[in-house]
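One structure is given below, encoded as structure tokens.
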Amino acid sequence: LPRGPFMTRIGVDLRRVLANPAHADNLVLEQGDSLHIPGYESFVRVEGSVNSPGLVPHHPGAGLGFYLDGAGGVTRNGDRRKTFVQQPNGLIQKGGRPEPGAVVVVPQRTDFGTGPDFVAIMGAFAPLISAITTVIVVLATR
């Protein structure tokens, strides 16, 4: 593991480790290492590109859609496809069912606004359209 005066998040499936000490997630702690095991949280935190970030009460079996709706839905520039869940044990999952104490994160779309901008295109063609209209009107009045 990295050494130094900093904190590193490591996702561990503690239930499996306690059931099987030989499990790969069982870490050997050294002098100076510390563990932080948060208390039980009955909410799921929803953050990022949602209309009303905050806490949504946990409902067993509820999927991401339930929690995103509980936070007012994904914003126009939110990237729902890249939404991920940080479970309370530290593991990051794309999709999945949030457990109590999980954090659901909706990142901002990186491709937002890179497509053709209708207003800019029309602005560029406006002088040409105006000139053609003028020519048509002048020719029609003759």
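General observations
- In the set Thr110, Thr83, Thr133, only one residue is surrounded by 12 or more Cβ atoms within 10 Å (Cβ to Cβ) and among the hydroxyl-bearing types (Ser, Thr, Tyr); that residue is Thr83.
- Residue count for region 29-50 under the criterion of being part of a loop (DSSP other than H, G, I, E, B) and in contact with a His (Cβ under 6 Å, 6 or more places away or on another chain): the result is 1.
- Condition check for Gly48: among the small types (Gly, Ala, Ser), in contact (Cβ under 8 Å) with a residue 60 or more places away in the chain and surrounded by 10 or more Cβ atoms within 10 Å (Cβ to Cβ): yes
- Residue, least open to solvent (accessible area, probe 1.4 Å), within region 51-80, restricted to residues that are out of contact with any Asp or Glu (no Cβ under 9 Å at 6 or more places or on another chain) and on the phi > 0 side of the Ramachandran plot: Gly73
- The set of residues in region 12-59 being farther than 26 Å from Gln108 by Cβ, at pLDDT 85 or above and hydrophobic (A, V, I, L, M, F, W, C) consists of Val17, Leu18, Ala19, Ala22, Ala24.
- Where a residue in region 16-28 is over 14 Å from Asn89 (Cα atoms) and without any contact (Cβ under 8 Å) to a residue 60 or more places away in the chain and its partner, wherever it lies, is open to solvent by 90 Å² or more (accessible area, probe 1.4 Å) and not acidic (Asp, Glu), with Cβ under 7 Å and at least six apart: His23/Arg16
- Criterion violated by Arg9 - all others in (1) open to solvent by 50 Å² or more (accessible area, probe 1.4 Å); (2) in contact with a Gly (Cβ under 6 Å, 6 or more places away or on another chain); (3) at pLDDT 80 or above satisfied: (3)
- If the condition is being in a loop (DSSP other than H, G, I, E, B), at pLDDT 95 or above and not aliphatic (A, V, I, L, M), then region 60-74 contributes Gly72, Gly73.
The values are calculated or read from the model by the stated rules, or taken from the named source; none is laboratory data. Everything numeric in this text was worked out from a predicted model, so none of it was measured. Neighbour counts run over all protein chains shown; Cβ positions are idealised from the backbone, glycine included. Accessible surface areas use protein heavy atoms only, side chains included; no ligands, DNA or RNA. Shrake-Rupley method; radii C 1.70, N 1.55, O 1.52, S 1.80 Å.
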